[in-house]
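Working notes, structure below.
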Number of protein chains: 2
Amino acid sequence: MDRNDFRRELGQQLRVDSIRCSDAGGSGHPTSSMSAADLMAVLLDGHLELDFDNPTDPANDHLVFSKGHASPLLYSCFKAAGAITDEELLSFRKLGSKFEGHPTPVIPWVDVATGSLGQGLPVAVGLALSAKRLDRTPGRVWCLCGDSEMAEGSIWEAFDHASFWELDNLIAIVDVNRLGQTGETMHGWDLALYAERARAFGWEAIEVDGHDVGAIEDAYAQAEQTSGRPAVVLARTKKGAGVKAVEDQPGKHGKPLEDAEEAIAELGGARDLTLEVKKPGQAAESHRFDTPGGERPSYDSGEEVATRKAYGEALKALGDTRGDVVALDGEVSNSTYSEIFRDAHPERYIELYIAEQQLVATAVALQRRGWKPFGSTFAAFLTRAYDFIRMAAVSRATLKLCGSHAGVSIGEDGPSQMGLEDLAAFRAVHGSTVLYPSDANQTVRLVELMADLDGIAYLRTHRGGLPVIYGPDEEFEVGGSRVVRDGDDVTLVGAGVTLHEALEAAEQLAADGVQARVIDLYSLKPVDAETLGRAAAETGAIVTAEDHWPEGGLGEAVLSALADAGESCRVRKLGVEIMPGSGTPDELLREAGIDSGAIAAAARELVGARATA
Amino acid sequence: MDRNDFRRELGQQLRVDSIRCSDAGGSGHPTSSMSAADLMAVLLDGHLELDFDNPTDPANDHLVFSKGHASPLLYSCFKAAGAITDEELLSFRKLGSKFEGHPTPVIPWVDVATGSLGQGLPVAVGLALSAKRLDRTPGRVWCLCGDSEMAEGSIWEAFDHASFWELDNLIAIVDVNRLGQTGETMHGWDLALYAERARAFGWEAIEVDGHDVGAIEDAYAQAEQTSGRPAVVLARTKKGAGVKAVEDQPGKHGKPLEDAEEAIAELGGARDLTLEVKKPGQAAESHRFDTPGGERPSYDSGEEVATRKAYGEALKALGDTRGDVVALDGEVSNSTYSEIFRDAHPERYIELYIAEQQLVATAVALQRRGWKPFGSTFAAFLTRAYDFIRMAAVSRATLKLCGSHAGVSIGEDGPSQMGLEDLAAFRAVHGSTVLYPSDANQTVRLVELMADLDGIAYLRTHRGGLPVIYGPDEEFEVGGSRVVRDGDDVTLVGAGVTLHEALEAAEQLAADGVQARVIDLYSLKPVDAETLGRAAAETGAIVTAEDHWPEGGLGEAVLSALADAGESCRVRKLGVEIMPGSGTPDELLREAGIDSGAIAAAARELVGARATA
């Protein structure tokens, strides 16, 4: 068969299989798959270099479906490549099948979970950046985007960074099928508009008829030859191409074809083509960085050190001994103190500028390539990437994020800069770990522990200095806590700045003859239910205090732990109940009702209520 | 004084005052203010049309500082305009002052809280869109952006939408001072690059020397004459302009000048210029929409109706009787059912395409202009705009958001589409209301109630049909709950799909002789602590079930309510503990351990434990 004929046939097979699996699954997006079938047929046949038997081979190309809803097409590609059976394909969207409605890395050849539009391309940029700057491997990253998702800002963060880093190992293919979920996209088939934007963002832009396999070949060749910048192939396609009942028709998004059998017949029937997808042309090993060695930082008891500073120093020290640690920051490295790592290990520091979505996407990509990414910005600004963090969990990603400048205790900058929802947001991420150190030596230990945690680990740091209360050799564990003061009348639970307020409250209470136990709850998830349960049983009253909104943070972590442990006692939860403004840290802690005075007052109330009960 | 001389003098005054207030406050961003001082001097003197005495006059121009950290400059402008005193200016960043580190609408002439970069311009787009499409008023929207924030994807969503809607009433000014917080921005002083991008996004782009008041005048005149599309003035400036010690120097971001006195002397000393800012040239009233009238939808008992469908129908009905209701959607209106409103009230429907950040920003703008915006998309995709939602609370915004397709009960589409963190995220928003209806008639009532709530109100809806259990005339209140089945052995608490699972569980338990009370907790914030406390006291055991991660949602709302009420009992919290895949809704509810069987089993365990205790 002539190569173009083969590719056309393969395109038809991908359409037929997309229809078949959507039909078998009873739902799915066959029409969004059909528009890109010819684009994928040409890609599979001679362009993509991927050893399906060795999915983690560092020499492999990567294929990211940013339009994750075109999963029928992706899985049909896997079948055409001989990587999965027809039976597996037809398990689409069934319980227990790896072939879910949207692709996830449960499938070996999927790098990142997609399905929230505008995320695949940013991760593809991260993969290409990793290959170029860290892995130093030759493979390409191919990314199939939909035209609807070009409306997402994150796509333009990705465009911006890809050219900034001169990622000529990245080729994006935009399937401009004109039709979104509810109607025409903002820009329809205006390929020239997309091309102009891409060029303005520093990309090579190539327009092509996405159903002309010969033209696609030429476009890919041109893209592959592009040097010094990324390339995008803008393909004019028709949604549902090849089947009259749905081709370029509105109202045909996201559902199986009404008459699958007829559609398959119209496409020339089922085929069983298998092709040998090219293997990487040359072997490659990921670069490994030498490490100078070094020692963990330590701090003297009583010294006032900001936990954000300790984070930076701990991260640098980690980088001294581990070559797989990489730091990323959103242009606030002198605030988060990741600059200490940057200055020591510039090759392993990636500046993402003020683009938090691209920051998290890059971290997701790096961990896929075996790195240990630590990303940092203000806790408040991680909310900008919450959808990416949510999806990172679906990707089963292992990454470490640090949010600095938590809480009202930042002071004068005001509420826009105060992370006050970060604990709630990160606790509500599947499989996450949430850590919140209370002093500098503890921060160092927790940063070390984070390095080997699976899943998404979050560390919350403060802007202001906190007195060092732990020795440099003290051990901490994820899921642990520390009783930092004994007492049996009431328990005060805090972390970070509120631990120190609680300690001060305990002093005030002691003056009244009330002996307060104080617990440092540095690990919010997992949480030390045993120690908390014991405190409930032994002291009968708990006051929690957090520099965070009252919902979803430390206080509710304590309540959940008690419920799980089957213990109960009076609990008074203190959090930030007002919208803060500017002021000094002390003024704002007092105004928010989470300072030592407020904690002591709440404790007295609980103890008093018990006494009179 | 020659007009250019006056403007230069005014620019110097704005610099001096920016330095003075930062010095008085002990922190702040004077250098980021000084770069844009000449730009603002020319704007204030003859371009901006704003009646400071009547800040809500619909004819006013709007001035948005997207680079909110340049608040010293903004407040200095207010002083120059005679709107605030020098004393007020010098209260900068002090406790209780309206003049916080970053501007908020606590100040009458501030439309939106900024300080999280990349948010002001999207809101400015919303204001301009409101003026053009809804208010039909002639005022302009001016927006001062920083160059660092051009890295935020949300800026490009704003660029995209502004030209799409042909907003020639919008003028953005980009203060390209080259220096970010830690060093040079991605693109330095490459004004041509920014101009090319702006033009590719359909804007008029004008490059100018941002310290040449004559050139700025010409640039503004050209921008004002631009028709059919928005204009951006790209100004080459120097950070810290005018003071040698800081001008164009790295490391001078975000702190007062070391020697303020010397700097002020270098700038020619303090001045006390006041100018009459132009008032709007013509009076204007906001357009009001006629309403056809109509009746609330109602559903028959036992009918299976998706709450998302009821949302759409309720919203349409609300629009039938209230002309101030506006709907916005992120290109999924046939899923959220906001399409029902769109079809009935097309003039009051705004399509934001797949740009959730721009969606929320537009809603923030509309509420500022007196509209009642209801924004909808999948609950999962509202996470994309979490930073905007957080900041909307700082803006004291009143808006209504609906997240559809909540939970594993969506079925086959898989986890990328499942909102499983939305309750945690929205509970942790200051002053928010979180509603989660369990049937269609209740949804209608809650949508009606939302219309008049202050702050950020969130409604969670489900994809699948749920049996109607309430009559069409039943009243509900925010902060209420409903005991839908009586019983004294154990209490089951659910909402949405899990309420129906709980009802089924109660049937199963009744067969074993266990009488379960079932509570519909349709209002998670505020929450009905009284009813929950009574249930704790009377039944001694509570099982909560939610189609949500176990953290921060319904279960923890119940625990917090009990703690606040001073009640305690055994509580077993059921939530989604596994990462779901694809499957049918029933399969996934079962696999996640939140179906009737799991609820009944948990209840039996609690009751059994009590019996043997």
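Points worth noting:
- Burial here means at least 30 square angstrom less accessible surface with every protein chain in place than with the chain by itself, probed at 1.4 Å; in the stretch A:9-42 no residue meets it.
- About the Cα centre, charge dipole magnitude for the stretch B:1-152 (Lys/Arg +1, Asp/Glu -1 at Cβ), debye: 260
- Over all other residues within a Cβ to Cβ distance under 11 Å of B:ARG463, the charged ones net out to -1, with Lys and Arg as +1 and Asp and Glu as -1.
- Highest to lowest packing among B:550-558, A:412-420, scored as the average C-beta count within 10 Å: B:550-558, A:412-420
- Estimated at the nearest 10 Å², the accessible area of B:ASP489 is 50 Å² with a 1.4 Å probe.
- Accessible area (Å², per residue) of the protein assembly as shown, counting only protein heavy atoms and a probe of 1.4 Å: 29
- When only Cα pairs below 8 angstrom with a gap of at least 6 residues are kept, the stretch B:488-549 shows a relative contact order of 51 percent.
- Rounded to the nearest Hz, the phi-derived 3J(HN,Hα) couplings of the stretch B:488-504 under the Karplus curve 6.51 cos²θ - 1.76 cosθ + 1.60 (θ = phi - 60°) are 10, 8, 6, 10, 10, 10, x, 7, x, 4, 6, 5, 5, 5, 5, 5, 5, where x marks glycine and proline.
- Residue list for the stretch B:548-563, given a label point 7 angstrom along the Cα-to-Cβ vector of A:GLU577 and an amide N cut-off under 20 Å: B:556-563
- Counting only Cα atoms, the protein assembly as shown measures 84, 78, 74 Å along its principal axes, largest extent leading.
- Dipole of the stretch A:148-257 [Lys/Arg +1, Asp/Glu -1 at C-beta], most positive-end residue of A:ILE173, A:TYR194, A:THR237: A:THR237
- Between A:VAL483 and A:GLU347, full extension at 0.36 nm per residue minus the direct alpha carbon distance yields a gain of 44.9 nm.
- Rounded, prolate or oblate (a/c below 1.5 giving rounded, otherwise prolate when a/b exceeds b/c) for the stretch B:115-159 by Cα gyration tensor: prolate
- Beta bridge orientation in the stretch B:416-549: antiparallel %, DSSP, nearest 5: 30
- Residue-span extension gain [B:ASP564 to B:ALA511] - 0.36 nm each, minus C-alpha spacing: 15.6 nm
- Net charge contributed by nearby residues that have their C-beta within less than 14 Å of B:GLY608 (K/R +1, D/E -1): +1
- Using equal-weight Cα scatterers in the Debye expression, the normalised intensity of the stretch A:31-71 in log10 at q = 0.26, 0.28, 0.34 Å⁻¹ is -0.97, -1.02, -1.12.
- The C-alpha atoms of chain A define a longest principal axis, and helix A:153-164 lies at about 80 degrees to it.
- Probe 1.4 Å, all protein chains present, accessible-area order of A:LEU234, A:LEU117, largest first: A:LEU117, A:LEU234
- With every protein chain in place, the stretch A:226-282: carbon and sulfur % of accessible area (1.4 Å): 44
- Residues in the stretch B:455-495 that a label on B:THR321 would reach, taking backbone N under 18 Å of a point 7 Å out along Cα→Cβ: B:471-478
- 3J(HN,Hα) couplings calculated from phi for the stretch A:206-220 with the Karplus curve 6.51 cos²θ - 1.76 cosθ + 1.60 (θ = phi - 60°) are, in sequence order, 10, 8, 7, 7, x, 10, 10, 4, x, 5, 5, 3, 5, 5, 5 Hz; Gly and Pro show x.
- Scanning residues 5 or more positions from B:GLU303 or on other chains, those with amide H under 5 Å from its amide H are B:VAL468, with H placed 1.01 Å from N in the peptide plane.
- DSSP bridge pairs, chain A: antiparallel proportion in percent, nearest 5: 15
- Projecting the Cα atoms of A:ALA510, A:GLY496, A:SER582 onto the dipole axis of the stretch A:470-613, where Lys and Arg carry +1 and Asp and Glu carry -1 at the beta carbon, places A:ALA510 farthest toward the positive end.
- Here B:HIS69 sits with roughly 30 square angstrom of accessible surface, probe radius 1.4 Å.
- FRET efficiency estimate (nearest 0.05) - Cβ-Cβ, A:GLN222 to A:HIS287, R0 30 angstrom: 0.55
- Sum of -39500 (n - 2.57) over DSSP H runs of 4+, divided by residues of chain B (222 nm, nearest 500): -11500 deg cm²/dmol
- The stretch B:467-583 shape via C-alpha gyration tensor axes, a/c threshold 1.5: rounded
- Distances between copies at B:GLY302, taken between label points 7 Å from Cα along the C-beta direction, are 7.9 nm in increasing order.
- Formal net charge of residues neighbouring A:ASP248 (Cβ-Cβ distance under 10 Å; K, R +1; D, E -1): +4
- Copy-to-copy label distances for B:PRO472, where each label lies 7 Å from Cα along Cα-to-Cβ, are 7.6 nm in order of increasing length.
- Drop in accessible area of at least 50 Å² in the complex versus isolated chain, residues of the stretch B:361-391, 1.4 Å probe: B:THR383, B:ARG384, B:TYR386, B:ASP387, B:ARG390
- Other-chain or far-sequence residues with amide H under 5 Å of A:ARG572's (modelled H): A:ILE542, A:VAL543, A:THR544
- Amide H contacts of A:LEU234 (H built 1.01 Å from N, in plane; Pro and chain starts excluded): A:VAL174, A:ILE206, A:GLU207, A:VAL208 sit under 5 Å, all sequence-distant by 5 or more or on other chains.
- B:GLU474 paired with A:THR274, simple spin-label distance in nm, labels 7 Å along Cα-to-beta-carbon: 5.8
- In terms of its C-alpha gyration tensor, the stretch B:151-249 comes out oblate, because a/c is 1.5 or above while a/b does not outweigh b/c.
- Based on Cα contacts under 8 Å between residues 6+ apart, the stretch A:136-270 shows a relative contact order of 26 percent.
- One quarter of the surface of the convex hull around the alpha-carbon atoms of the stretch B:356-491 equals 9.2 nm², the direction-averaged projected area.
- Probe 1.4 Å, all protein chains present, accessible-area order of B:ARG369, A:ARG197, B:ARG229, largest first: B:ARG229, B:ARG369, A:ARG197
- Across identical copies of the chain, A:ALA283 has label-point separations of 8.5 nm, listed in ascending order, with the point defined 7 angstrom from Cα along Cα→Cβ.
- Once the Cα-Cα distance is subtracted from the 0.36 nm per residue extended length, the B:ASP454 to B:ASP209 segment shows a gain of 83.8 nm.
- Modelled FRET efficiency - R0 41 Å, A:LYS244 with A:MET1, Cβ distances, 0.05 increments: 0.95
- Peptides A:474-486, B:371-383, A:530-542 ordered by average Cβ neighbours within 10 Å, highest first: B:371-383, A:530-542, A:474-486
- Mean separation of Cα contacts under 8 Å, 6 or more apart, over the residue count of chain A: relative contact order %: 12
- Buried area at the B:A interface is about 8100 square angstrom, summed over both chains, from accessible surfaces computed with a 1.4 angstrom probe.
- The share of accessible area on the stretch A:59-143 that comes from carbon and sulfur is 52 percent, using a 1.4 angstrom probe.
- In Å², nearest 10: area of A:THR85 left accessible to a 1.4 Å probe: 70
- From the Kirkwood radius over Cα pairs of the stretch B:80-154, Stokes-Einstein at 20 °C and 1.002 mPa s returns a whole-number translational diffusion coefficient of 151 µm²/s.
- Within the stretch A:179-255: Cβ-based charge dipole about Cα centre, in debye rounded to nearest 20 (Lys, Arg +1; Asp, Glu -1): 400
- About its Cα centre, the protein assembly as shown has a charge dipole of approximately 60 debye under the convention of +1 per Lys or Arg Cβ and -1 per Asp or Glu Cβ, with nothing else charged.
- Solution diffusion estimate, µm²/s, Stokes-Einstein, chain A, Kirkwood Rh from C-alpha pairs, 37 °C, viscosity 0.692 mPa s: 127
- Solvent exposure ordering (accessible area, 1.4 Å, most first) of A:ASP512, A:ASP564, B:ASP212: A:ASP564, A:ASP512, B:ASP212
The values are calculated or read from the model by the stated rules, or taken from the named source; none is laboratory data. Here the structure is a predicted model, which is why all the values come from computation and not from measurement. Cβ coordinates were reconstructed from backbone atoms using ideal geometry, including for glycine residues, and neighbour counts include every protein chain displayed. Heads up: the accessible areas ignore ligands, DNA and RNA and are worked out on the full protein's heavy atoms, side chains in. Shrake-Rupley method; radii C 1.70, N 1.55, O 1.52, S 1.80 Å.
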